[in-house]
Amino acid sequence: MPHVEMTIADVLNDPLIGQLLRADGVSVEEFKILLLNAARSQSALQDPGGLQRKGRAVSPALSQPRA
């Protein structure tokens, strides 16, 4: 069976995660903001400068950190 990652919507609607959030005193809205910010940060790390979102190809050499 292939592994499928949960989407942010899946995570926010998961009953077990909801129980953990309540036990930790974290609102679903706070957790949603945390997840969206983390996704945005991860996206920025994978596409520095947002070149792919602007419709420009990124050379693999440019996306690698310099030594």
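The values are calculated or read from the model by the stated rules, or taken from the named source; none is laboratory data. Predicted model only: the values in this text are computed from it and were never measured. We place every Cβ from the backbone using ideal geometry, glycine too, and count neighbours over all the protein chains shown. Ligands, DNA and RNA are stripped out before the accessible areas are found, and what is left, the full protein with its side chains, is counted by its heavy atoms. Shrake-Rupley method; radii C 1.70, N 1.55, O 1.52, S 1.80 Å.
Structure above, values below:
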| quantity | calculated |
| --- | --- |
| Restricting the stretch 1-32 to GluC sites (Glu not before Pro) in coil, as DSSP defines it, with at most 10 other Cβ within 10 Å | Glu5 |
| Local electrostatic count at Val11 - Lys and Arg +1, Asp and Glu -1, tallied over other residues with Cβ under 15 Å | -4 |
| By accessible area with a 1.4 Å probe, ligands and nucleic acids excluded, highest first: order of Val4, Val28, Val11 | Val4, Val28, Val11 |
| Stretch gain in nm, segment Ile17-Met1, where the contour uses 0.36 nm per residue and the Cα spacing is subtracted | 3.5 nm |
| Label-to-label distance, nm, for residues given as Ile8 and Val28 (7 Å Cα→Cβ offset) | 1.5 |
